[in-house]
Amino acid sequence: MSEALANLLNETRQFPPPAELAANANVTADAYDEAAADRLAFWERQAGRLAWAKQWEQVLDWSKPPFAKWFVGGQLNVAYNCLDRHVEAGRGDKVAIHWEGEPGDTRTITYAELHRLTCQAANALTALGVKAGDRVAIYLPMVPEAAVAMLACARIGATHSVVFGGFSADALTNRIQDATAKVVITADGGYRRGKPSALKPTVDEAVANCPSVEHVLVVRRTGEEVAWSAKDHWWHETVETASTEHAAQPFDAEHPLFILYTSGTTARPKGILHTTGGYLTQTSYTTHAVFDLKPETDVYWCTADIGWVTGHSYIVYGPLSNGATQVMYEGTPDTPHKGRFWEIVDKYQVTILYTAPTLIRTMMKWGEDIPAGFDLSSLRLLGSVGEPINPEAWIWYRQHVGGGRLPIVDTWWQTETGAVMISPLPGVTEAKPGSAMTPLPGVVADVVDDQGQSVPNGGGGYLVLREPWPSMLRTIWGDDNRFIETYWSRFGAGASGGGSGADWIYFAGDGAKKDDDGHIWLLGRVDDVMLVSGHNISTTEVESALVSHPSVAEAAVVGATDPTTGQAIVAFAIPRGSADTAGAAGEQLIADLRNHVAKTLGPIAKPRQIMLVPELPKTRSGKIMRRLLRDVAENRSLGDVTTLQDSSVMDLIASGMSGGKSDED
Ligand code: WT7
C-alpha cells in the first residue's frame, strides 16, 4: 500500500453488556490491568488453570525470535486436561457432546464415555504402531469420532493433521505427503444435504500416492459399500474392541500437537504447527473469557467444521478443557429446512452460539421469519468469526437471533494465532457493531503504517502483533524460512535482517483501522484493498455500506483495472428475499445502491458497477473468493449491467471455481 487505508465508515452505535452478565462475568476489566502490569505473569496464571504433570521453569523463551517457547520445561497431557481430570473430579456423567446427525439421529456422549472412547482409540493407534511424534491425518465428517481421533492423538503424543472433509483427493494427497502421515482416519462417508456423501474413495485415491501411509482406520457412518484394501481397518472392529484403560503420559509443553494446513488464496498450503502447553493455555482461557462459559449451566454450540482451526480450538480443545457441554452438528443449515440451526438451538436450549458472518448473512437473505419461528430465548451470548462482520449483519444477528438484548463477541484471530486475539469481553466491553474492539488481556496488537509506525486514532494501516503469545504458531511444518518470510519480514527486526535490535513484529496480512476511540476495525486481507484514484479503499467498508441498504443481504466488492482511476470498484450484491429486482426495478435498485454507497462513505467509494447476483463464490470455509470475482470483473465486457443478473456471470464464476478446485479452500 502506498498510503494508509482510508477510514471511511463511521459507525457510532454502541451496546453495553447486559447488567446481569456483567455482574457475573468470568472475567472483568481488571484482567486488562493485570496483563498490562505483567504480561508473562498473567499468562502464567492462565496456564495454572490447567493440570500440569511438571511445572515449567520459564514462562517464555524468546531468545531466538521468531521461534518462541512457552512454559519451558513444563509437561502435561492435553487429553488428560480435556477428559480425565473432569472424570476424576466426579463430572463423568456430565454431557460433553450432544451430537445431532444431519438425518436427525442423535448421540449423547458424557465425559466418562468420551474418555473411554479416547482411551480405546489411543490403544488402537498404539497397536497400529503410532508413536509420539508420528503424524496422523484425519479426514472425517462432523461425527464424534473426529473429536475422539484428535484427542487420542494428543493422548499418545502423535501430531494430528485434520483435513477438511470437503477437500479433493489432490489436496488430501498433498497434505498427507507434506506431513508424511503414517495413519489416516476416515469414514465411509457422511451426510450432506440429505444424502450420504462418500469419503473413502477420496482417501483410496490419495493413499495410492502416499507411501508413508501404513494404515487407514475407517469409521462406519453411512453404511454404504466401500472398496477395501490390506491397509484398511474398521474403527468398530479395531477401536471399539480395544481396552478402555489407558494411562496418559505427559509431554513437553513444546511437543507438537497438530499441523493444520492453510492455503490462503494462491500459494502452496502452509502446514501451521501448534504445540501443547501454550496452545491449550490460550484456547482454554479464551473460551472462559470470551464466551463467559459456565460449564455447569451453559450449552455451547460452535457451528464450525472440525476441519478448520475454529473447530480445533473452539469445539475440541477450548470447550473440553473447560468441561463444557456442547452441541455438535453434522450437516448443513438448510437440511431438511432453513430453520435447522434454530431448531437445534431450541431443542438443546443452547445458551452460547458461535458462528460465521457468512452464515448470518445467509440467514438475513432467507429472512427473519425463519428464526422467529423458534424459541431462541435460551441464548445468552452470540459470537462471530472468520471475516469482518458488517454492522448491519451484526445488528440483524442481535435483533433476530439475540432478541435485541444479547451481547455479540466479534472475535478476530487466525489459524496461525491458534486462539482469539482481538475481541470484546462480553461482561466488560461496550461493543460497536462491526468492530472486534480491543486486544484481549495479554495480547499486544497494533495498527501500523508502511514504515511500521503506530497509526494515530482515526488512522488505517496494517494489523500487527507486537509481542509473542502462548498459542502462536511455532513454524510452518518443515519450512522455517517460509515461516520467517511470510509472517515476520514485513516490519521490525525481521525486515531489517534481524540484527538491528528492533523488536520482532508479526504481520497478520489484514488491513485494519483504529477509530477515534482507538477501537480496532478489520478491513479484510491487504491483498483485497483497492487503490482508486490514489486512495486505498477497503473492500470490507464498501461491502458493509451495501449491506446497510435494506434491500441487500450480502455483497462482495473487488477492484478491477480501470484506465482512468487505476482500479475501479465493482460490486456484486445479493438482494434480500423481499427485494424486487425484476427489470426496471433492478436497474433502479442498482442506481439507488450506488448513491447509497456514495452517501455513506463518500463519492470516492461509489462503485463503477453493481451486479445483482443470486450467489457468491466462497471458499469452503465461507470466505468470498474475490480473486475469481476480479477475473469476472476484468475479463468480461460488462456492458449493460442488467444483463448480468442472469446466471451467465455465475456460470463463469462456477467454471473458474471448478478449474481451481485442486488445492483451494
Ligand atoms: C483470517 C484468518 C480464525 C478462525 C477462522 C478463520 C479473517 C477472522 C475475523 C474477524 C475480521 C476476520 C482475517 C484473518 N478473520 N476473524 N472477527 N473480523 N476478519 O481462520 O482461515 O486462518 O483466516 O480470517 O482476514 O486473517 P483463517
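The values are calculated or read from the model by the stated rules, or taken from the named source; none is laboratory data. Predicted model, so just to flag it, every value in this text is computed and none were measured. Note that each Cβ is placed from the backbone with ideal geometry, even for glycine, and that neighbours are counted across all protein chains shown.
Descriptive notes on the structure:
- Selection within region 523-559 - within 11 Å of the ligand (Cβ to nearest atom) and under 11 Å from ASN390 (Cβ atoms): THR540
- Selection within region 45-57 - surrounded by 17 or more Cβ atoms within 10 Å (Cβ to Cβ) and not hydrophobic (A, V, I, L, M, F, W, C): GLN46
- Filtered by the rule that a residue be of a type in the set (Val, Ile, Thr), touching a strand residue (DSSP E or B) at 6+ places or on another chain (Cβ under 6 Å) and over 25 Å from ALA152 (Cα atoms), region 252-308 gives a lone residue, VAL290.
- Restricting the search to helices (runs of 4 or more DSSP H) fully inside region 1-98 and requiring at least 2 residues that are of a type outside the set (Ser, Thr, Tyr) and farther than 25 Å from HIS519 by Cα gives 39-47.
This table checks each residue for (1) in contact with a His (Cβ under 7 Å, 6 or more places away or on another chain); (2) not in a strand (DSSP E or B).
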{"site": "VAL570", "(1), (2)": "no, no"}
{"site": "ALA584", "(1), (2)": "no, yes"}
{"site": "LEU593", "(1), (2)": "yes, yes"}
{"site": "HIS596", "(1), (2)": "yes, yes"}
{"site": "THR600", "(1), (2)": "no, yes"}
{"site": "LEU616", "(1), (2)": "no, yes"}
{"site": "GLY622", "(1), (2)": "no, yes"}
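- The requirement of being within 16 Å of the ligand (Cβ to nearest atom), in contact with a Phe, Trp or Tyr (Cβ under 7 Å, 6 or more places away or on another chain) and farther than 29 Å from ALA179 by Cα is satisfied by ALA512.
- When GLY418, GLY461, GLY404 are checked against the criterion of being closer than 30 Å to ALA179 by Cβ and either within 16 Å of the ligand (Cβ to nearest atom) or in a loop (DSSP other than H, G, I, E, B) (or both), a single residue qualifies: GLY418.
Conditions (1) in contact (Cβ under 8 Å) with a residue 12 or more places away in the chain; (2) over 19 Å from CYS153 (Cα atoms); (3) over 26 Å from the mean Cα position of the chain (by Cα), marked per residue:
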position: ILE176; (1), (2), (3): yes, no, no
position: GLY190; (1), (2), (3): yes, yes, no
position: ARG193; (1), (2), (3): yes, yes, no
position: LEU199; (1), (2), (3): yes, yes, no
position: THR202; (1), (2), (3): yes, yes, no
position: VAL213; (1), (2), (3): yes, no, yes
position: GLU224; (1), (2), (3): yes, yes, yes
position: TRP228; (1), (2), (3): no, yes, yes
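- Some residue of region 472-480 being within 16 Å of the ligand (Cβ to nearest atom) and closer than 21 Å to VAL290 by Cα: yes
- For region 492-509, filtered to residues that are at pLDDT below 95 and buried (at least 16 other Cβ atoms within 10 Å of the Cβ), the residue that is farthest from SER544 (Cα to Cα) is GLY498.
- The set of residues from region 514-528 being over 21 Å from the mean Cα position of the chain (by Cα) and in contact (Cβ under 8 Å) with a residue 60 or more places away in the chain comprises LYS514, ASP515, ASP517, GLY518, HIS519.
- Checking the stated criteria, THR281 turns out not to satisfy the condition of being more than 16 Å from the chain's Cα centre (by Cα), outside any helix (DSSP H, G or I) and on the phi < 0 side of the Ramachandran plot.
- Candidate set: region 320-335, residues that are of a type outside the set (Phe, Trp, Tyr) and not in a loop (DSSP other than H, G, I, E, B); chosen: the one farthest from SER378 (Cα to Cα): SER321
- Scanning region 434-458 for residues that are more than 12 Å from the ligand (Cβ to nearest atom) and within 23 Å of ILE352 (Cα to Cα), we see that the one that is farthest from the chain's Cα centre (by Cα) is PRO441.
- Hits in region 224-278 - residues which are over 24 Å from GLN58 (Cα atoms) and among the aromatic types (Phe, Trp, Tyr): TRP228, TRP234, TRP235, TYR261
- Number of positions in region 609-633 that are aliphatic (A, V, I, L, M) and farther than 15 Å from VAL557 by Cβ: 0
- Residue match in region 601-617 (condition: closer than 24 Å to ALA393 by Cβ, within 16 Å of the ligand (Cβ to nearest atom) and modelled with pLDDT under 85): no
- Condition met for VAL428 (over 20 Å from PRO357 (Cα atoms), out of contact with any His (no Cβ under 6 Å at 6 or more places or on another chain) and in a loop (DSSP other than H, G, I, E, B)): yes
- Test: residue in region 350-357 that is assigned to a helix (DSSP H, G or I), surrounded by 17 or more Cβ atoms within 10 Å (Cβ to Cβ) and within 16 Å of the ligand (Cβ to nearest atom): yes
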